[in-house]
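What follows is calculated from the coordinates using simple rules that are stated; it is not laboratory data. These figures come from a predicted structure and were not determined experimentally. Cβ placement follows ideal geometry from the backbone for every residue including glycine, while neighbour counts extend to all protein chains displayed.
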Number of protein chains: 2
Amino acid sequence: MNTNERGTGRTRARILEIARELMAKQGYAGTSIAHIANQLGTSKAGIYYHFKSKEEILDALLTRPVLAYADIAERAAQGAPPAELLGAIIDLTAELKEFAGFHSDPSTLLALGERPQQSDIQSKQVRVIAALAGPRPSQAARVRARAAFAVASDGTAGVAAASDNGLTKPERDELLAAALRALQPR
Amino acid sequence: MNTNERGTGRTRARILEIARELMAKQGYAGTSIAHIANQLGTSKAGIYYHFKSKEEILDALLTRPVLAYADIAERAAQGAPPAELLGAIIDLTAELKEFAGFHSDPSTLLALGERPQQSDIQSKQVRVIAALAGPRPSQAARVRARAAFAVASDGTAGVAAASDNGLTKPERDELLAAALRALQPR
DNA sequence: GTCTATATAAAGATAGAC
DNA sequence: GTCTATCTTTATATAGAC
């Protein structure tokens with residue numbers, strides 16, 4: 001029988017890497033098993049040996065990002081200060097920059113939403129934003145929290161996409177400072 | 001013959017409205033003609049009387065947003081100040097909030113990129129961001145420009161999505177102020 | 001572990017009746 | 001202007017050989 005549990009092999013890892021690239025570029029719905037197989041240089045059936053469905057590929061891809069976001073939401077619930085939360089969002093976004101486009105692909109979100117075991121990534125974001133807004137926030141404070149979150153999330157994604165390597169320290173510092181300025185009332 | 005040039009009717013408008021909703025929710029690739037026809041209560045062929053292809057529906061949907069962004073890029077090229085540019089982005093994003101998810105759907109961008117007549121919306125964004133960064137910008141200034149743009153674009157989308165109606169004046173003012181703070185060096 | 005072949009469903013799109 | 005019926009392609013997924 002198989003020493004590989006059909007889950008730890010290098011081929012599986014390559015499939016995930018290819019799927020991630022294609023789905024980031026074309027979205028989940030726009031990426032077919034055939035396309036992934038072509039990139040891998042094998043047949044469609046070859047893919048199905050490693051994953052029993054296309055959704056399982058998505059699950060495998062998003063497990064880590066979802067867990068990372070859950071961790072940030074947890075820290076928010078425990079009263080972590082805004083600078084820490086925003087810094088964590090910046091670092092996570094930069095670390096997962098290969099996933100850029102993923103969190104904003106409607107078909108990915110839709111497929112993800114249909115899988116109950118994957119706790120909703122958007123609901124975690126809402127909780128983090130609520131934490132940034134502080135207790136009993138005014139309407140203006142809520143808007144500032146959204147603004148700061150946008151800087152840490154989409155702003156970081158933009159900066160990371162523009163530079164070939166990872167986020168540099170000065171870039172990170174500048175993003176965090178900008179997010180904090182956005183959060184601060186005058 | 002047809003007084004309607006097969007382009008001005010109410011049915012066509014309904015198709016576009018339904019397509020916009022579905023594509024915002026599921027992405028371009030994830031939305032089928034059959035799905036649109038179901039929502040409309042007609043057959044697939046009925047759709048094809050009004051549009052000769054799925055891509056033509058996308059073109060029709062995105063013509064206005066693309067033009068609006070081109071206009072902002074034009075004002076940026078003519079040296080409009082940051083407050084004006086950021087305000088314009090906020091207003092545009094709020095006005096087109098029904099399109100939320102659209103500009104971030106990879107399959108939409110991909111399909112749009114394959115249509116040469118639709119000038120690339122992302123390249124316009126890059127130009128606006130460059131204008132925000134100012135002449136001969138430092139690396140830090142470029143990051144701040146991205147941050148400010150993120151507030152005006154994604155921050156506004158988030159606020160608009162959270163509130164049922166359009167963006168209120170206080171919300172708009174708060175977003176613009178936050179974007180300008182993000183843009184400003186200490 | 002990967003292949004060919006195939007089943008089955010859904011996609012985009014057209015022909016022609018009404 | 002909308003229908004049914006159909007064509008063609010592509011999609012997910014499986015069966016069974018090697």
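Okay, here's what the table says:
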quantity	calculated
Under 23 Å from the Cα of A:K124 - lysines, other chains or at least 8 residues apart	A:K97, B:K25, B:K97
Estimated translational D of region B:10-93 in µm²/s (Stokes, Kirkwood radius over Cα pairs; 10 °C; 1.306 mPa s)	110
Descending semi-axes in Å of region A:65-114, equivalent ellipsoid built from Cα gyration tensor	23, 14, 7
B:K52-B:S119 pseudo-label distance in nm [points 7 Å out on the Cα-to-Cβ vector]	2.5
Computed lengthening from A:K169 to A:T63, 0.36 nm per intervening residue step minus Cα-Cα distance	35.4 nm
Charge tally in the Cβ shell below 11 Å around B:L112, where Lys, Arg are +1 and Asp, Glu are -1, B:L112 excluded	-4
Computed log₁₀ I(q)/I(0) - Debye formula, equal Cα scatterers, no solvent, the protein assembly as shown, q 0.06, 0.11 Å⁻¹	-0.24, -0.82
Given charges at Cβ of Lys, Arg, Asp, Glu: region B:101-186 dipole, positive-most of B:G155, B:L176, B:I129	B:I129
P(r) histogram, all alpha-carbon pairs of chain B included - 10 Å bins from 0, percent	9, 32, 31, 18, 8, 2, 0
